[in-house]
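Below is the structure I would like to discuss, written out as structure tokens.
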Amino acid sequence: MKKIIKLNNNIFLKGILTLFLLLSFIFNPLKVYAEIADTEINGELINASIEFLRDLDFETWQLVAYKSPLYEDKLILRIIGYPGNLRIDHPTGLMVESGRKHWLLDDKTLLNVELVNDSRQAAAEFDLDDLIRNIDKNRPLRLSLSGVFSELPVPPFVVKEWRSIN
């Protein structure tokens, strides 16, 4: 009889603990914090936003936003794929959509000697400056790059991070 009562008490306590944890996540959801960190880009230590995102085909892409001294301190978006998966005929513009707004970002890859000479051809760079100056809210974006990915969702916290780079 003691074993049954002890077993029931353990099940009851585990159930209460599980319910407590579930309710704590519902009322205090985990927050995602983005971070800008010093990163070596083009041989220099630069403040950059680095995020890994998945497109709708579940391919993972690294997005790096940084102010580039190579491009008169413009904000640049570098998209990096798994080596061998990203073969782009340059220049190819990056389409960006947010609701009814559309932008076409200029391909800057051929102006970066380091990327041009990289045999992996796993990265492309785009001018993000005009887009960031033209949006006033941290809105979700959808990126598409012809022949590479059809839609790569960018959440608002990443856009906020891009907007905060100075």
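Given the structure, is Arg120 of a type in the set (D, E, K, R), in contact with a Leu (Cβ under 9 Å, 6 or more places away or on another chain), surrounded by 14 or more Cβ atoms within 10 Å (Cβ to Cβ) and assigned by TED's automatic domain parsing to the domain that holds Leu75?
no
Another one. Which of the strands (runs of 3 or more DSSP E) found entirely inside segment 63-142 contain at least 2 residues meeting this: of a type in the set (D, E, K, R)?
Of the strands (runs of 3 or more DSSP E) lying wholly inside segment 63-142, those with at least 2 residues that are of a type in the set (D, E, K, R) span 74-80, 123-127.
Do we find that Lys108 is closer than 17 Å to Leu63 by Cα, in the same structural domain as Asp55 (by TED's automatic domain parsing) and surrounded by fewer than 19 Cβ atoms within 10 Å (Cβ to Cβ) in this structure?
Answer is no for this residue.
For segment 103-130, give me each residue that is among the aliphatic types (A, V, I, L, M), under 16 Å from the mean Cα position of the chain (by Cα) and at pLDDT 90 or above.
Those that are among the aliphatic types (A, V, I, L, M), under 16 Å from the mean Cα position of the chain (by Cα) and at pLDDT 90 or above: Ala124, Leu128.
Filter segment 45-58 down to the residues that are farther than 13 Å from Glu161 by Cα and either modelled with pLDDT of 90 or more or polar (S, T, N, Q) (or both) and list them by number.
Phe52, Leu53, Arg54, Asp55, Leu56, Asp57, Phe58, listed by residue number.
Count, please, the residues in segment 55-94 that happen to be of a type in the set (Ser, Thr, Tyr) and farther than 14 Å from Val148 by Cβ.
3
The values are calculated or read from the model by the stated rules, or taken from the named source; none is laboratory data. Being a predicted model, the structure only gives us computed values, none of them experimental. FYI the Cβ positions are ideal-geometry reconstructions off the backbone, even for glycines, and counts take in every protein chain you see.
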